[in-house]
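What follows is calculated from the coordinates using simple rules that are stated; it is not laboratory data. Keep in mind it's a predicted model, so treat the numbers as computed, not measured. Virtual Cβ from ideal backbone geometry, glycine too; neighbours counted across all protein chains shown.
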Amino acid sequence: MTPWHRAKIVCTLGPATDAPGVIEGLISGGMDVARVNASHSDSITHSRRIEQVRRAASEAGQPVAILVDLPGPKFRLGNLADDCCRLAEGAVVTLVEEGRALEAVTDDMDGIRLPVRNPELLQALRAGERVFLADGSVELCVESSATAQSGFNAPRVRCEVLIGGVVRSGSGINVPESALLELVPTDDDRQHLAFALARQVEWIGISFVQSVDEIHRVRALLPSTGAPLVMAKIEKRKALVNLEEIVEAADGVMVARGDLGVETDLAEIALIQKRIISVANARARPVITATQMLESMVAYEHPTRAEVTDVANAVLDGTDAVMLSAETAIGQFPVTAVKILQRVIAATEARHNGSPNSKMRAGMTGVR
Ligand SMILES: Nc1ncnc2c1ncn2[C@@H]1O[C@H](COP(=O)(O)OP(=O)(O)O)[C@@H](O)[C@H]1O
Ligand SMILES: C=C(OP(=O)(O)O)C(=O)O
């Protein structure tokens, strides 16, 4: 048994957690919260995963809460032919609308075609604008806009790859200066919220919160009794301006470092994390530190020294939980990743038992 007061572990469910025995392994390894990222997979799959976690948790006699993370107004790539694509620096990439006929597009002009789920984004991009993919790991520069190429039968935006890397089906697209953000909750969020309420999940995550307004609008959709707790994901510059009120209005917050690292200055991420944690600690709101905690473990069995140090530092900062994303959702070593988190948390807390939030942490897994 793990000590009840330790920092909690949140694991994102995905194809990798569908393999036999993995959910059970995550639970015995120390998973406290299972996260369903509503941006990926369909509702039948989400339902099956939630039921599987609840069954395995009940058999293990360990509480595991469910967090349904609403997508928010995030632009995303569509499905890629091989699910994954490597973009080389200097290559030409053409962004096209997913599912539209593209007969007028010639391959040699086009370079690599990447489908985009949001046609309004294609119309809005202008020459010279920067586009970031997969949490900013790939950077594009728009060479010619959809308007400039209006002779084609479907909108297309030609870009040059400035920083290369790997993108996957559904990878996020950030255009930090774009004013295109829809109102949160979006129509899509409302559907996922109805799904989450029907399954009586313990937490819902609101993406791209910028002020308390988004929290109030989501709360207005919740039932008066038995509602899930509301986690505000801090990932926009404006959320940092309104941080204190947001933390006050939410039941918990997430340091969503993936989007935060693109939407703000990456160089300031460590300081921003410390500030969010400290504001949450001061108001007794549980805080999750998320994204790329053990990223190399998506492909390798051992984490880097920098990654385990990052986990330990988050615990020392006072985080109440650490989160795995791709590591458990699509990684090759999901159970090992959780066990490593558990070991690092235990080793760090054995020497620094300084968290003021023991009772609050216990509340994170307030399973119904
Ligand atoms: N349920 C899932 N199905 C397929 N892939 C997933 C799933 N969840 C996560 N992933 C993959 O892991 C990556 C990191 O996970 P996460 O941070 O939760 O997603 P995102 O940043 O795309 O919202 C995603 O970009 C995606 O490639
Ligand atoms: C957790 C995050 O959100 P998402 O998975 O929606 O990118 C993040 O941006 O760090």
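Taking the convex hull of the alpha carbon positions in region 190-337 and averaging its projected area over all directions gives 9.2 nm². For residue 18 and residue 83, FRET efficiency with R0 = 22 Å and r from the beta-carbon atoms, rounded to 0.05? According to the calculation, E is roughly 0.90.
Per 0.36 nm of contour for each residue apart, how much would the distance between residue 198 and residue 183 grow if the chain were fully extended, relative to their Cα-Cα spacing? Working it through step by step, the gained length comes to 3.1 nm.
Dipole size of the chain about its Cα centre, with +1 on Lys/Arg Cβ and -1 on Asp/Glu Cβ: approximately 1240 debye, rounded to the nearest 20. Highest-first packing order for the peptide set 47-55, 231-239 is 231-239, 47-55, based on the mean count of other beta carbon atoms within 10 Å. Amide hydrogen proximity for residue 145: with H placed 1.01 Å from N in the peptide plane, the residues at 5 or more positions away or on another chain lying under 5 Å are 127.
Shape descriptor for the chain: Rg over Rh equals 0.97 (Cα atoms; Rh from the Kirkwood inverse mean 1/r). Taking amide H positions as modeled 1.01 Å from N, with prolines and chain starts lacking one, the residues under 5 Å from residue 138 and 5 or more places away or on another chain are 133.
Among 176, 334, 15, the residue with the largest mean-square fluctuation in a Gaussian network model of the chain, with springs joining Cα atoms closer than 10 Å, is 15. Estimated from helices alone, the mean residue ellipticity of the chain at 222 nm is -10000 deg cm²/dmol (sum of -39500 (n - 2.57) over DSSP H runs with n ≥ 4, per residue). Close amide-amide hydrogen proximity is noted between residue 112 and 92, 93, 94, each under 5 Å apart and 5 or more residues distant or on a separate chain (H modeled in the peptide plane; Pro and chain starts excluded).
With θ taken as phi - 60° and the Karplus curve 6.51 cos²θ - 1.76 cosθ + 1.60 applied, the whole-hertz 3J(HN,Hα) list for region 227-238 is 6, x, 6, 10, 9, 8, 8, 8, 8, 10, 4, 5 Hz, x standing for glycine and proline. Relative contact order for the chain: 20 percent, from Cα pairs under 8 Å spaced at least 6 residues apart, divided by residue count. Restricting the calculation to Cα atoms, every distinct pair contributes to the Kirkwood radius of region 214-268, found to be 12.2 Å. Model label sites at residue 343 and residue 299, defined 7 Å from Cα along the beta-carbon direction, differ in position by 2.3 nm.
Once each part is reduced to its C-alpha centroid, what is the distance from region 44-80 to region 198-266 in angstrom? About 18 Å separates the Cα centre of region 44-80 from the one of region 198-266. 3J(HN,Hα) along region 190-205, derived from phi through the Karplus expression 6.51 cos²θ - 1.76 cosθ + 1.60 where θ = phi - 60°, amounts to 4, 5, 5, 5, 4, 4, 5, 5, 4, 9, 6, 6, 7, 9, 10, x Hz, with x in place of Gly and Pro. Projecting the Cα atoms of 67, 127, 294 onto the charge dipole of the chain (Cβ charges, centred on the Cα centre) puts 67 farthest toward the positive pole. Highest mobility in the GNM of the chain, judged by mean-square fluctuation with C-alpha springs under 10 Å and restricted to 32, 189, 82, is found for 82. Remark: region 324-331, residue by residue, has Karplus-estimated 3J(HN,Hα) of 9, 10, 4, 4, 9, 6, 9, x Hz, where x stands for each Gly or Pro and the curve is 6.51 cos²θ - 1.76 cosθ + 1.60 at θ = phi - 60°.
Find how much the distance from residue 269 to residue 127 grows on full extension, using 0.36 nm per residue of separation minus their present alpha carbon separation; answer in nm with one decimal. Please list the in-between numbers first.
Values: separation 142, 0.36 × 142 = 51.12 nm, distance 2.86 nm.
Full extension from residue 269 to residue 127 adds 48.3 nm.
With Cα atoms as the point set, region 1-70 shows a radius of gyration and Dmax of 11.6, 35 Å. Antiparallel beta bridges, as assigned by DSSP with both residues in the chain, represent about 40 percent of the total such bridges.
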